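The values are calculated or read from the model by the stated rules, or taken from the named source; none is laboratory data. No experiment lies behind these values; they were computed from the predicted model shown. Here the Cβ is made from the backbone with ideal geometry for all residues, glycine too, and neighbour counts use every protein chain on show.
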Amino acid sequence: MKKNNKLQPLVRHCLFDNALENIAAFETLPDILKTPDICLAAVQKWPEALKFVPEELKTLQVCLTAVQQDSNAISHVPEGFKTSGIAERLFCKLDKRLKTHTPKL
């Protein structure tokens, strides 16, 4: 069955809202109904939701969004995206966090 990313606006809005109520709702949403917008919004709310994003919807933007919020999400990033660019962005983000939260002696 082919994906239909041109759902009627009302149906798409309802799916979007329901899928983002909690991570379980996103997980159980059939892959055929997951859209790039829904997947991005899900990983913005819950980075661990990356494991429930269909492989064909795991874009660089979706993966970076998840990994920048939770470095553990890297385990669900496709191998092709595990590049020095992602590592550099991840470590830059972690470095900023460390500088912000490290007490000055």
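Quick notes
- Only residues that are β-branched (V, I, T) and either under 14 Å from C63 (Cα atoms) or touching a strand residue (DSSP E or B) at 6+ places or on another chain (Cβ under 7 Å) (or both) were counted in region 28-46, giving 2.
- Candidates are the residues of region 22-43 that are among the β-branched types (V, I, T) and within 10 Å of the chain's Cα centre (by Cα); the one that is surrounded by the most Cβ atoms within 10 Å (Cβ to Cβ) is V43.
- Exactly one residue out of T102, T59 is of a type in the set (S, T, N, Q) and at pLDDT 90 or above: that is T59.
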